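So the structure is just underneath, and the comments pick up after that.
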Amino acid sequence: MKLMKKKTRFTLLTTILSVILLSGCSNAAQPEKEAVTLLIKVPVQEMNCVTNAEIDCSEAFLRKAGEAFTAWYDKADVTINLQVFAFTDEKAAVPDCFDTEEAADILYEGYFNMASYIHTGRVVPLDDIITEEMRSDIDDSMWQMSMIDGKTYMMPYLNLQNILIYNKALFRECGLEQYFGEGREIQNWTIGEWTDILDTLAARLPENIYPMMMYAGNNQGDTHTMSRLRAFGGNPFDENGNFDFEDEKIIQALAWMQEGVERGWYPPHAENLEMKNCSELFSNQQLAIYNFNNANTTLYHDIGQYGFVNYPGNVATTFPTGFEVFDNGDETKIQTAKDFIRFIYETDELLELSAGTIPASKRVTEKYADRIVMLDEFSANSEHVTDFMNNSPNWQGSDDSVRSVFWVHIYDLLQGTATPEECAAALNADCNAALEAGRRNSRLHE
């Protein structure tokens, strides 16, 4: 019996010692997680969110998503740095930082800027993180805008539709109530009606209050200006995807825009104004008509005081806002960045932060349809939406891009130093040169 007890005690001690040793070996064998730092860049942009009152801008959304991801992710020890830049600093913040320590790993912004970066060969395809569930949850039209040559380079998160908004009180003051729409209806006015409205506002508004925005001080808002060139039914693009500003109807629209300077339709010296100057005028009740989309949250508390209308020519524009991942030579960063984006789309709380604007997700749109301001109106207005970029390369990001050269000639037009015909010819020359340079230098990520 004693022998058996000793044997049992020895076996038990051996077992305990083995467990301790194995446990120690197991702990020692666990490697430390690799430290990964991701730099996410995002422009200053309002964001309307009905699921979380704290999310009022893109920065707040990304900060929340980053905190959730770093707490959840177990493949690396991730630090997310967020850098916010002004839209006017796009070139300095993004393309000028390529091949530096400040190069973005992830970019979150509107497609009208992001699309050009695909042609640098630095933006990686994201098809390997897109599940069938994700693919079916987003409309095919958005996927088409996100793809080149069958590969997906951008991930749509939300959508913005651009129209015009007008101050009903200023219209009423000028006796223009007959032009009011029903409720939040997005209206269409004929060119004759537009001319009558603008002339009446110019004649009857008090001093220092102006009919409509106009600006050409920099490239901001240039896409809205380009929309106005469709006022008489012209298309700035020909069948080959080149610009055709010398189309008769485009020249007619340029002439109509220039005529507005003499007729008092715009604030004085509009060529020197920036879009933000006109935004301030509208906020201060000094401008009757201004640009609007579903991110303009500051107007929602008294939205009944405003009316809504498409751009002259019954034109609206739209573009998704979403994500790109850049290849900066670090495969671990690329994979971690992709995992971050997939995490957002597979986490309901984060995906639903898009509700308030128009979500890219069909199921989020359906779930919050009754809480998204003007969702029905924007949906009904989709038939008036035009593609203002036409999948053009070199739209943004270089000194000779479309956005770098377009506004300069609108400046000359508004200043009166160029006729509509001269402006059209100059736009054709410089904007088509930008497209040609983009096509010549375009390369996709290998």
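One table, with the values for the structure above:
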{"item": "Those residues of segment 256-274 which are touching an Asp or Glu at 6+ places or on another chain (Cβ under 9 Å) and assigned to a helix (DSSP H, G or I), in sequence order", "result": "V261, E271"}
{"item": "Filtered residues of segment 275-290 (kept if buried (at least 21 other Cβ atoms within 10 Å of the Cβ) and not in a helix (DSSP H, G or I))", "result": "L287, A288, I289, Y290"}
{"item": "Lone qualifier among A103, A202, A115 - being touching a Cys at 6+ places or on another chain (Cβ under 7 Å) and among the small types (G, A, S)", "result": "A103"}
{"item": "Residue list for segment 281-328, restricted to those being of a type outside the set (A, V, I, L, M, F, W, C) and in contact with a Phe, Trp or Tyr (Cβ under 7 Å, 6 or more places away or on another chain)", "result": "Q286, Y290, N294, Y306, G307, P312, G313, T317, P320, T321, G322, E324"}
{"item": "Selection status of I344, outside the structural domain of G217 (by TED's automatic domain parsing), part of a helix (DSSP H, G or I), over 30 Å from R230 (Cα atoms) and under 18 Å from the mean Cα position of the chain (by Cα)", "result": "yes"}
{"item": "Members of segment 216-231 found to be in contact with a strand residue (DSSP E or B) (Cβ under 8 Å, 6 or more places away or on another chain) and either at pLDDT below 95 or outside any loop (DSSP other than H, G, I, E, B) (or both), listed by number", "result": "G221, T223, H224, S227, R228"}
{"item": "Among the residues listed as V84, V36, the single one being buried (at least 18 other Cβ atoms within 10 Å of the Cβ) and part of a strand (DSSP E or B)", "result": "V36"}
{"item": "Residues satisfying the stated conditions in segment 77-108, i.e. touching a strand residue (DSSP E or B) at 6+ places or on another chain (Cβ under 6 Å), of a type outside the set (G, A, S) and closer than 20 Å to L444 by Cβ", "result": "D105, I106, L107"}
{"item": "Residues within segment 347-362 that are among the aliphatic types (A, V, I, L, M), more than 23 Å from V123 (Cα to Cα) and outside any helix (DSSP H, G or I), tallied", "result": "2"}
{"item": "Residue match in segment 174-189 (condition: under 27 Å from H119 (Cα atoms) and buried (at least 20 other Cβ atoms within 10 Å of the Cβ))", "result": "no"}
{"item": "Any hit, segment 329-336, residues being under 13 Å from I40 (Cβ atoms) and polar (S, T, N, Q)", "result": "yes"}
{"item": "Unmet requirement for V364, which otherwise passes all of (1) over 21 Å from A316 (Cβ atoms); (2) touching a residue at least 40 places away in the same chain (Cβ under 8 Å); (3) touching a Ser or Thr at 6+ places or on another chain (Cβ under 8 Å)", "result": "(2)"}
{"item": "Index of the failed condition, G121 passing every other in (1) in contact with a Ser or Thr (Cβ under 9 Å, 6 or more places away or on another chain); (2) over 30 Å from R440 (Cβ atoms)", "result": "(2)"}
{"item": "Residue in segment 255-264 that is on the phi > 0 side of the Ramachandran plot and either of a type in the set (V, I, T) or without any contact (Cβ under 8 Å) to a residue 12 or more places away in the chain (or both) present", "result": "no"}
{"item": "Looking only at segment 373-413, and only at residues there that are in a loop (DSSP other than H, G, I, E, B) and touching a strand residue (DSSP E or B) at 6+ places or on another chain (Cβ under 6 Å), the one that is surrounded by the most Cβ atoms within 10 Å (Cβ to Cβ)", "result": "F388"}
{"item": "Search result, residues across segment 184-208 that are assigned to a loop (DSSP other than H, G, I, E, B) and more than 31 Å from the chain's Cα centre (by Cα)", "result": "L205, P206, E207, N208"}
{"item": "M214 in contact with a helix residue (DSSP H, G or I) (Cβ under 7 Å, 6 or more places away or on another chain), of a type in the set (A, V, I, L, M) and more than 23 Å from S382 (Cα to Cα)", "result": "yes"}
{"item": "Subset of segment 137-183 (residues that are part of a helix (DSSP H, G or I), in contact with a helix residue (DSSP H, G or I) (Cβ under 8 Å, 6 or more places away or on another chain), in the same structural domain as V42 (by TED's automatic domain parsing) and not aromatic (F, W, Y))", "result": "D137, M145"}
{"item": "Odd one out for E271 among (1) surrounded by 18 or more Cβ atoms within 10 Å (Cβ to Cβ); (2) within 15 Å of A418 (Cβ to Cβ); (3) over 26 Å from the mean Cα position of the chain (by Cα)", "result": "(3)"}
{"item": "Within segment 195-219, considering residues that are crowded, with 20+ Cβ neighbours inside 10 Å and out of contact with any Leu (no Cβ under 9 Å at 6 or more places or on another chain), the one nearest to W395 (Cα to Cα)", "result": "N219"}
{"item": "Number of the exception - K91 against (1) assigned to a helix (DSSP H, G or I); (2) over 30 Å from K367 (Cα atoms); (3) touching a helix residue (DSSP H, G or I) at 6+ places or on another chain (Cβ under 6 Å)", "result": "(3)"}
{"item": "Segment 320-361, residues that are on the phi > 0 side of the Ramachandran plot and without any contact (Cβ under 8 Å) to a residue 60 or more places away in the chain", "result": "G329"}
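The values are calculated or read from the model by the stated rules, or taken from the named source; none is laboratory data. Computed from a predicted structure; not experimentally measured. FYI the Cβ positions are ideal-geometry reconstructions off the backbone, even for glycines, and counts take in every protein chain you see.
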